[in-house]
Amino acid sequence: DTEVTQTPKHLVMGMTNKKSLKCEQHMGHRAMYWYKQKAKKPPELMFVYSYEKLSINESVPSRFSPECPNSSLLNLHLHALQPEDSALYLCASSTGLLSSSGSNEQFFGPGTRLTVL
Amino acid sequence: GQQVMQIPQYQHVQEGEDFTTYCNSSTTLSNIQWYKQRPGGHPVFLIQLVKSGEVKKQKRLTFQFGEAKKNSSLHITATQTTDVGTYFCAGRKTSGTYKYIFGTGTRLKVLA
């Protein structure tokens, strides 16, 4: 199984709502990532987890709260979002947090397309 | 901060023509990856280059990593309509971080 799954595929939420995005992989990967991608732009890294611990937080606003309950699951909790947070949210995983020469291939999920009204 | 730029931003080619996208980093890279994202899809890993001056081929795709490890290129020979999509490079700095910075991307359209 070389797949990263994400739910939901689409999400529309109001600025006062609380919602969660979910990501799952069963490849035994120990590094998992959240990216945000606006239309016609590259993916922007938000968070990196390694062995279920937060390794990188790219100064993301606190209205985004990541969680890694176990090595296969990654959540992104959303609260009080702004319309400018509307984007495609991509989850990715890799075998580990990175050697300089080993393969660091990131496997991306299909994404959740989020619209904030 | 680290920036990774790609040129061109867009490229339209006739099917059968060649295509090249160039990736330039403001800092020296440990390694560089290339991804392809089809319209409406997600990034899919193509390759990773590690060594200075490295050249790798995958069928019609040729990838190069510059001698100074600050630039890279992807060349597609005889494009096909299945090559349509956005090609991103993603570079990792030589030290201090485990993250990859994605380049600005080159969107390729292939006209049949």
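The values are calculated or read from the model by the stated rules, or taken from the named source; none is laboratory data. Every value quoted in this text rests on a predicted model; they were computed, and no experiment measured them. Cβ atoms come from the backbone with ideal geometry, glycine included; neighbour counts cover every protein chain shown.
Tabulated values for the structure
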quantity: Single match in B:Thr62, B:Thr20, B:Thr81 (criterion: surrounded by fewer than 18 Cβ atoms within 10 Å (Cβ to Cβ), out of contact with any Ser or Thr (no Cβ under 8 Å at 6 or more places or on another chain) and farther than 27 Å from A:Ser59 by Cβ); calculated: B:Thr81
quantity: Leading residue by the ranking (nearest to the other protein chains (Cβ to nearest Cβ)) among those in the range A:45-84 that are more than 27 Å from B:Thr104 (Cβ to Cβ) and assigned to a loop (DSSP other than H, G, I, E, B); calculated: A:Tyr51
quantity: Failed item, numbered, when A:Arg113 is tested on (1) surrounded by 18 or more Cβ atoms within 10 Å (Cβ to Cβ); (2) on the phi < 0 side of the Ramachandran plot; (3) within 11 Å of another protein chain (Cβ to nearest Cβ); calculated: (1)
quantity: Tally of residues being modelled with pLDDT under 95 and among the small types (Gly, Ala, Ser) across the range A:16-38; calculated: 2
quantity: Within the range A:85-99, considering residues that are of a type outside the set (S, T, N, Q) and part of a loop (DSSP other than H, G, I, E, B), the one farthest from the other protein chains (Cβ to nearest Cβ); calculated: A:Gly96
quantity: Answer from A:Pro42, A:Pro61 - the residue that is closer than 20 Å to B:Cys89 by Cα, over 13 Å from the mean Cα position of the chain (by Cα) and at pLDDT 95 or above; calculated: A:Pro42
quantity: The range A:1-35 - residue that is under 13 Å from the mean Cα position of the chain (by Cα) and closer than 21 Å to B:Trp34 by Cβ and, of those, surrounded by the fewest Cβ atoms within 10 Å (Cβ to Cβ); calculated: A:Ala31
